1. Under 10 Å, Cα contacts only: if you run a Gaussian network model on chain C, which one of C:35, C:360, C:108 comes out with the highest mean-square fluctuation?
2. Would you mind classifying the protein assembly as shown by shape? Square roots of the alpha carbon gyration tensor eigenvalues, ordered a ≥ b ≥ c; an a/c under 1.5 is rounded, otherwise it is prolate if a/b is larger than b/c and oblate if not.
3. Note down the net charge around residue A:198, summing +1 for each Lys or Arg and -1 for each Asp or Glu among other residues with Cβ under 12 Å from its Cβ.
4. Let me check I've understood the local charge: for residue A:325, count other residues with C-beta under 14 angstrom from its C-beta, Lys and Arg +1, Asp and Glu -1. What total comes out?
5. DSSP loop trypsin sites (Lys or Arg not before Pro) in region C:99-171 with at most 12 other Cβ atoms within 10 Å of their Cβ, which ones?
6. Only loop residues by DSSP count here, and only those with at most 14 other Cβ atoms within 10 Å; note down the trypsin sites (Lys or Arg not before Pro) in region C:6-99 that meet that.
7. Calculate the dipole size of the protein assembly as shown relative to its Cα centre from +1 charges on Lys and Arg beta carbons and -1 charges on Asp and Glu beta carbons; express the result in debye to the nearest 20.
8. Could I have the simple spin-label model distance between residue B:265 and residue C:308, label points 7 Å from Cα toward Cβ, reported in nm to one decimal?
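Read-outs throughout are calculated quantities, based only on the coordinates presented, and are distinct from any laboratory measurement. Because the structure is predicted, anything quoted here is derived from the model rather than measured. Reconstructed Cβ throughout: ideal geometry from the backbone, glycine too, with neighbour counts over all protein chains shown.
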Amino acid sequence: MIIEHVDEPLPGSSLRPTPPGRVYTDPSIFGAEQAEIFEKMWNCALRADDLHSAGHWKTVTIGREEVIVTRTRKAGIKAYFNVCAHRGMRVCTTGEGKSRTLQCGYHAWTYALEGDLVAAPNLTSMPDVDRSRYGLQLVHVREWLGYVWICVAEEPPSFDDTVLGEVRTRFGQVESIDNYGIESLRRGETKTYDVAANWKLIIENFMECYHCATIHPELTEVIPEFADGLASQRKNGEVHGSNFGEDIGGFTVDGSASGFEELPSLVPGQDRKYYAITVKPHVFINTVPDHVIIHRMVPVSESRTVVVCDWLFLPEVVERADAGQLDLTTSVELFHRVNEQDFNACELTQPSMSSQAYAAGGALVPSEHHIEEFHTWWYESLGMERASSPAGAAQSEPAAAAGS
Amino acid sequence: MIIEHVDEPLPGSSLRPTPPGRVYTDPSIFGAEQAEIFEKMWNCALRADDLHSAGHWKTVTIGREEVIVTRTRKAGIKAYFNVCAHRGMRVCTTGEGKSRTLQCGYHAWTYALEGDLVAAPNLTSMPDVDRSRYGLQLVHVREWLGYVWICVAEEPPSFDDTVLGEVRTRFGQVESIDNYGIESLRRGETKTYDVAANWKLIIENFMECYHCATIHPELTEVIPEFADGLASQRKNGEVHGSNFGEDIGGFTVDGSASGFEELPSLVPGQDRKYYAITVKPHVFINTVPDHVIIHRMVPVSESRTVVVCDWLFLPEVVERADAGQLDLTTSVELFHRVNEQDFNACELTQPSMSSQAYAAGGALVPSEHHIEEFHTWWYESLGMERASSPAGAAQSEPAAAAGS
Amino acid sequence: MIIEHVDEPLPGSSLRPTPPGRVYTDPSIFGAEQAEIFEKMWNCALRADDLHSAGHWKTVTIGREEVIVTRTRKAGIKAYFNVCAHRGMRVCTTGEGKSRTLQCGYHAWTYALEGDLVAAPNLTSMPDVDRSRYGLQLVHVREWLGYVWICVAEEPPSFDDTVLGEVRTRFGQVESIDNYGIESLRRGETKTYDVAANWKLIIENFMECYHCATIHPELTEVIPEFADGLASQRKNGEVHGSNFGEDIGGFTVDGSASGFEELPSLVPGQDRKYYAITVKPHVFINTVPDHVIIHRMVPVSESRTVVVCDWLFLPEVVERADAGQLDLTTSVELFHRVNEQDFNACELTQPSMSSQAYAAGGALVPSEHHIEEFHTWWYESLGMERASSPAGAAQSEPAAAAGS
């Protein structure tokens, strides 16, 4: 007998159910998300210091676009669609390189690092060609936290309102994150995860700790309050983090001390605490006293998401680790295990999304309130209204936005 | 020059052509079949004695759903959608197991074998949660012939009218099949075939013996009347089976005696005969005097079907075979070859279904009348009318039902 | 900032931009192309002398159809849909064979090489069956240049207007190609390329030499005027080919002499020249004084095309090569490298076709005028109008024709 999950909270909770399961499985909804979310908003693309010097370029995926990011000689970091203005071939055909110009390998149309068309065979017979109009098509870039952020929309949203706004909502003020000095940290490790789940399941997972007691034994050992399923979710109108356990030496897989120093500018309230921030649509920032962990998600299809996770440390810590003088493994291993545990849960959730038993969505317990806020944002991003009164009120049909 | 196959019988036959080829290739028609046939009707899921004792569970695929089937302590066999009521994760994440409760591995929501929610973290803060409503969602089960039959629809059709009705149509009375005592037989062998063909081609193949002379040399050696292409299809208002050849010792690949006893309760008319029954939508039952062969089809896509075939024997025969005292191979090998021959033909038919040369369907000779009856049932199941007058009458468009 | 490519020529060019990128990526447009172009027009299928003697048959793919081509005893070469008239199984289940009749392996319906149904089990009980109507369904064939050309449409277009018309457009008269005696040449080599690009990108690549200087070093060594990007594209109202370089010995990978004779009936103007003809929708003919290279494209999906390339020589040249008395490698290797260079460029262009930066298409320089003519033909073939005034005029939407 199929029990219909109407749009009504779990008794004892005021949270409406999740959206219908098919928003996690329908390719046309995924297409709408790419167009309306990932190709309209700011995306975190790569670490700025990966572009060591002028002429160094890398290619990255933003939504359904491939973008060239390069360090120019005079104009800082610039980014372009990786599409030749002539007949469209990929201008850069490998993931990374260094060159004085960007030249298409098909008909030798050649672009300055700053984007303008500077040469092409027989161009002299077309003297009036506008070198800027037939240059590479620019996309918007910003640098923040040492990362290059990219927006492929013609008119990007306010970086301050969107990206910085998320930090302000979490910390009360953007300045609190500045104490970590993230822009001057260095990567000690990067791991890439290919997850067979919709990107929203990964965000929802990150937004609640109700699952911590069940699937994260190492993490709840280090941060015992996570075992209650509440800690990081609480916000008393002021800055709040999750406390390390009393006997815990550091944010490591076995709770031992990391063996290296705290970040130098932390204030007392940031000591022995873990903070987590979601920067929609696709970034998670995790801070602990001696390092920072940053996740970026790249949605590939309605049922597949690539997650890239960076572990950032003080430059001298990375140098000593490279020299074999200290070991980052116990620090890296903790969140690597958390990642694997989380992504496994997401992969075991994805197949149920197409079941008639999830056709009306699932229930949310009180500590999952961040997820409901995420759903509200998601409906708005796709231009759909969600009924303001939960009980019995029908959600507007997600298919309405899936026309694109 | 393309010859249009109009909806007109082959001269000498009164049977209308098959449906247009695209009903075997269109993914939206396949979706409609899953929704209107496999997810509305009774499906044969697994052998009941595979669930040895209380707490033992298995997962099976019914239509597009994954279902948990478990033997409870007090309530017999029960089945549920494999979807947690909270956030939807698969509750059982392997094919088989044994446990006192069914616990979701994401947030530890825990269900009794009988389905009710019995525990969850922080559940005490939500005291009014209805343990049944937030339990696992039940699906309907029936036991018959020693198999668990499952219907995932909210309102299942009458088991008597549908499943038993097919047997009654074939045997005149359901009781005739009881003589085989199928519910107390044991599996001596199970083979699984992954067939690159639409499920309807496999049913149609099973429904006629016009192909037997061409592709089944071993079978026509054992049952010579099959070489006429007619035998098992005839029904003279009374029970009728197909006779073994005069020199044939048993239903074995070389016609030798099987070396074990007949089923004990057969009546004389069931002696030295083969009977075949199709139980729509997806079961074939084949009986011979000393064993029974049962096929279940699991449609995977419009061009792929998994077929599971059980060979059932008296328990003491299986025990003696397990002890090395007798050999089931010659018995099993006969229908295994028939299966491989049939499925090969189906796989070589599937690609033609998308040809313009089959756009109006193919012809049926008189001995293929069961196929026409199947097509009539198929049109009705999808809510389409088929013109009652064959010659020149247009069939109603199958796409009409493919909206789901 | 996205620069909108309006429908306006590059300054100095009078050519309109290419169609929007999605005509190279949309599966429904690809389906329309299969229906309206490849399944309506004449396709070059195979070399006639591959069917050595009566009863020899091969299967080929034309559009989305599989076709049997066979040499009959009395009626020359015939071709049929590879679909049994009874229940549709593939009649020929391998790529090639030789037999007295064509017999379906499912129910033994048996067809004469000339197509009529000649035998079937129990056919005598259906005496009025029309042996022609229930025969194999004929498709149209023509022989020209030693190839079998096939049209699977019921009413083929005029071979003279379409296939021969392309040659007439290029050479001024069909007779010029006759001097090469292509119908009596023999294949010395065939190579098959599986290209991850839309078929139109491959045609467009073949239609211009603006890329030659960039990607074809060996070819521009042999034919220096190709380095200007113009040569083969020019047509001064009379027959025109591209000249070999002064020091070049032959059309070989290193410009050395091939070591074998010119084709015997060439006229002086065809000496030391390369000619190229596109026969839409899918054939390229390349002639040089001592051999001929012919490409056939088989479109598989919107982003995949198989290209088969034949190198044809005088029969005595192939015989001497088979006997080890001369080496065809330096001749074959030149265009094999050209093929690999071209198809690599097409594969690096395909992914950009889905970018918003190519949503309005790309630019065409003056020497790419053949491509604009191809686009005009393409719009017409799909029944779409293209605005006659280029600047600012909106193209009619390609999706309009994609309904099939």
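1. C:108
2. Taking the square roots of the gyration eigenvalues as a ≥ b ≥ c, the protein assembly as shown is oblate.
3. -2
4. Surrounding charge for residue A:325 is -4.
5. Passing both the DSSP loop test and the Cβ count: C:100.
6. Taking region C:6-99 and a limit of 14 other Cβ atoms within 10 Å, the loop trypsin sites (Lys or Arg not before Pro) found are C:73, C:74.
7. The dipole magnitude comes to about 260 debye.
8. About 6.3 nm separates the two model spin labels.
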